[in-house]
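The values are calculated or read from the model by the stated rules, or taken from the named source; none is laboratory data. Since the structure is predicted, the reported quantities are computational estimates derived from the model, not experimental observations. Don't worry about glycine lacking a Cβ; one is built from the backbone with ideal geometry, like all the others, and counts go over all protein chains shown.
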Amino acid sequence: MKNVSRILPLYTADTSGVCSALYELGGMCVIHDASGCNSTYTTHDEPRWYDRRSQVFISALTELDAIMGNDERLISDCVSAAADLHPAFIALCGSPMPMMTGVDFDAIAAEIRGRSGIPTFGLHTNGTVSYVEGASQAFEAVVREFVRHVPKREGIGVNILGMTPLDFPLGSDGSVKSWLSANGMEQVCNLGMGSTLEDVKQMASARVNLVVSHTGRAAADYLRKYFDIPCICGVPAGKGFADSLASQLRAAAESSITDRAIIPEACLGDGDTVVIGESVYASSLCAALKADMGIDASLLCPLPADDRYYESTGGERVYAEEDLEAYLREKMPGTVIADPLYKYVIPEGTRHIELPHLAFSGRTWQRSIPDLINTDIKELFK
Amino acid sequence: MIKLAIYGKGGIGKSTCTSNLSAALAKLGKKVIQIGCDPKADSTVNLLHGDPVLPVMDYMRIHDEEPDRIEQISKIGYGSVVCIETGGPTPGLGCAGRGIITTFSLLEQLELFETVKPDAVLYDVLGDVVCGGFAAPIREGYAEKVLIVTSGEKMALYAANNINSAVKNFEDRSYAKVRGIIMNRRDVEGEEEKVGVFAKKAGLPVIADIPRSREIIKYEDMGMTCVEGDPECETSKRFLALAQLLIDEDNRG
C-alpha cells in the first residue's frame, strides 16, 4: 500500500506548526477540534510549555455543532475569551473534522475580527499535513498582519525566519543572535523564538532575511515582494559554513538582490553521506560537513520544500516509508545522519549518526539535540 | 471578471441555463470557465457535444493521486469554454460537499485562473445550499453573484426561497450576493405572476425570462446548447441578452 507508515512515525502535523510558530507572540491560538485537551499541540510538541505561558485553546467542537454547522459557538467563545485575555491577535486553526464539513475559517475570522476588534486570521490547517505547512502559514499571516514600512536601521539588521523548537533546540535563538553580533550584524526579529510582536513590527527595518527552515520561506517571500528585503536560506552550522553564510548575508544586504532566494548548494550533489531532515537545516549541515570536515553529503528531504532541495534525490520528494527504504537500499550510503527513529529503514552496513529532530521523534531525545550554530561540529559527526 | 454561481431546485434547468449562458458569453467574445459542482457531473455535457470531461473526483479515484495539469481534468467546449466537473462519490456514499471543496483547492493549486485568465467563471451548483461544501462556490474569492433558477412551480419557488435565505445568512461574511432570478418557464398557470410575487417579496429582480422551448430539447438531444444550435432563435436571444447585461455590469465595475 502506498504511503503507509509501518515503522516510521509521521512528522508532527500542521496544527502543531502553527502553535509553535506563534507561541511567543502574545496571540491566542484556537484549534477548532473535538475534545478539550490541547496536549498534542503543547506538551508533546512544545518544550516551552513547561516554563512559559501561551494561549493555546481547543474549541471542544461537538458532534451536533459539526452537523449543524454551528459556527456561532466558536465565534462567541473566541470573542468572549478575547475580552478576558486581551490577546494581540487570534489565530484559528482547523483539524480533520472541520476540514470534512468545510468550515470557512477566513469568514469566521472576519466575523471575530469585526466583533472583537482584534486582528484575527484563519489558517488552513487540517491535521493531515506536516508542521512545515502550518508554521509557514502562521509566519506569513503574522507578517502580513503586522509588518508595515518603518525606516531602515543603521548597520545590517537581520530578521531570522522559521526558527521554532520543532526544528531547533532551545537556546538556538541566543546562538544565532550571538553569531550575527560576532559578524557585525544585528538581529531585528527572530520570528519564531526569542522575539515579541513589537520586534515583528520592526521587521521592515532589516536589510536582509535569513530563512533557517522552510517554515519561514513564505514570510520571507512576502517581505521580499512587498518590502524589497533580500532572502538567504541557511543555518549557520559549524564554523566554515557559518562564516560563508555571514559573508552572503552581508553581500545580500548591500546588493539588495531580491529576485530569488539563495540556498546552500553543497547538498545537491551525490555524496556518500546522506542527511535526512528539514530542507534548510539539513542542507546547511551538508554545507557545514563539507566546509569543516571535507565530507561530501547530500540531502534527503522528506518534508515540503523548494523543488531545488529535491535535486539530490532525482527531483522527487522522497517521503513515503517504502520510498525512503528503497532509496537508501539502492544508494547504500556509507553514512546516514538522521533522527534515531530512522534506524529502522537504514540498510545494514550503513553507519547511522543520530541527530534527533523534535518534529519527528518528539521529546524522546530532546536533551540530545545538539545546537549546531557557529560551533565545532567535528566531534559530533566524526 | 464575471463570477457567477447558479443555484436552483434539482431538475429545474440549472445546467441548461448555465451552459447556454456560458455559450452566450463565449459568443460575445468572452473567455469562459464553467465548473459543474454536482456529483452527477453533467453540467457541461452540452458544451462538449455529448463527450463528457473526466470529473476531478473520478480522476483521483482512478489514479489515486491528484492531477498535476489542468488538461487532465478539463475539456475545451463550444466557444472555447473550459469545462470542468467536480464529480463526487458514488450516490449514497462519502461526502459530495467535501468533493467540491477538495476540487476548488486543487484548482487553486493548479493555478486555473492564472493560467486560463478567464473573463467569466460560472459555477453550476447542485440543487440547494445543503452544506458547507455546496456553499463553497459563493465564498470569498469564488462567485460574486448568485443567480437562482426557478419556474412558477411551487417546489421550485420553495427551493428558490431557501437558497435566497441561505445566502442572506452569510451577510456578515464576504460571500456572493443574489443578483437575481432566471425564470425558466414550465408553462405553469399564472407562472409570471407567481414568480413575480416571489421576486418582489424577496426583493430580487427577474433578470432573464427563458421561454419553454422545443429548441432547447432539440439541441440538447444533439449534445449542444441552444445558443450553439440556433443563435437566432428567441431562447438564444434571451441568453445572449442576459450575457450582455452581465458583461455591461462587469464593465461598469
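Would segment B:124-137 turn up any residue that is at pLDDT below 95, more than 14 Å from chain A (Cβ to nearest Cβ), closer than 21 Å to residue B:76 by Cα and touching a strand residue (DSSP E or B) at 6+ places or on another chain (Cβ under 6 Å)?
yes
Does residue A:65 fit the bill of being at pLDDT below 90, at negative phi and part of a helix (DSSP H, G or I)?
Answer is yes for this residue.
Using the structure shown, decide if residue B:45 is at pLDDT 90 or above, away from every other protein chain (no Cβ under 14 Å), under 23 Å from residue B:146 (Cα atoms) and touching a strand residue (DSSP E or B) at 6+ places or on another chain (Cβ under 6 Å).
Taking the combined requirement at face value, the residue does not satisfy it.
Residues are listed down the side, and each one gets a yes or a no for (1) over 19 Å from residue A:94 (Cα atoms); (2) free of Cβ contacts under 8 Å to residues at least 12 places away in the same chain; (3) in the same structural domain as residue A:346 (by TED's automatic domain parsing); (4) outside any loop (DSSP other than H, G, I, E, B):
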{"residue": "A:8", "(1), (2), (3), (4)": "yes, no, no, no"}
{"residue": "A:18", "(1), (2), (3), (4)": "no, no, no, yes"}
{"residue": "A:26", "(1), (2), (3), (4)": "yes, no, no, no"}
{"residue": "A:29", "(1), (2), (3), (4)": "no, no, no, yes"}
{"residue": "A:34", "(1), (2), (3), (4)": "no, no, no, no"}
{"residue": "A:38", "(1), (2), (3), (4)": "no, no, no, no"}
{"residue": "A:42", "(1), (2), (3), (4)": "no, no, no, yes"}
{"residue": "A:49", "(1), (2), (3), (4)": "yes, yes, no, yes"}
{"residue": "A:53", "(1), (2), (3), (4)": "yes, yes, no, no"}
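Go through segment B:55-111 residue by residue and tally those that are within 14 Å of chain A (Cβ to nearest Cβ) and part of a helix (DSSP H, G or I).
15
Kindly indicate the residue of segment A:94-111 that is assigned to a loop (DSSP other than H, G, I, E, B) and within 8 Å of chain B (Cβ to nearest Cβ) and also nearest to residue A:35 (Cα to Cα) among those meeting that condition.
Once the filter is applied, the top-ranked residue is A:103.
Are any residues in segment A:1-34 under 21 Å from the mean Cα position of the chain (by Cα), hydrophobic (A, V, I, L, M, F, W, C) and over 30 Å from residue A:201 (Cβ atoms), and if so, which ones?
If the condition is that a residue be under 21 Å from the mean Cα position of the chain (by Cα), hydrophobic (A, V, I, L, M, F, W, C) and over 30 Å from residue A:201 (Cβ atoms), then A:8, A:10 are the ones that fit.
Going through segment A:149-167 one residue at a time, which ones are small (Gly, Ala, Ser) and in contact with a helix residue (DSSP H, G or I) (Cβ under 7 Å, 6 or more places away or on another chain)?
Residues satisfying the conditions are A:157, A:162.
If I ask for residues that are outside any loop (DSSP other than H, G, I, E, B) and surrounded by fewer than 19 Cβ atoms within 10 Å (Cβ to Cβ), which ones from segment A:293-309 would you list?
A:293, A:307, A:308
Looking at residue A:153, is it in contact (Cβ under 8 Å) with a residue 40 or more places away in the chain, in a loop (DSSP other than H, G, I, E, B), more than 14 Å from chain B (Cβ to nearest Cβ) and surrounded by fewer than 18 Cβ atoms within 10 Å (Cβ to Cβ)?
yes
Just need a number here: residues in segment B:5-14 that are farther than 11 Å from residue B:156 by Cβ and either surrounded by fewer than 24 Cβ atoms within 10 Å (Cβ to Cβ) or aromatic (Phe, Trp, Tyr) (or both).
Within segment B:5-14, residues that are farther than 11 Å from residue B:156 by Cβ and either surrounded by fewer than 24 Cβ atoms within 10 Å (Cβ to Cβ) or aromatic (Phe, Trp, Tyr) (or both) number 1.
Might you check whether a residue that is touching a residue at least 12 places away in the same chain (Cβ under 8 Å), of a type in the set (Phe, Trp, Tyr), buried (at least 21 other Cβ atoms within 10 Å of the Cβ) and not in a strand (DSSP E or B) occurs anywhere in segment B:155-173?
Looking for residues that are touching a residue at least 12 places away in the same chain (Cβ under 8 Å), of a type in the set (Phe, Trp, Tyr), buried (at least 21 other Cβ atoms within 10 Å of the Cβ) and not in a strand (DSSP E or B), one finds none in segment B:155-173, hence no.
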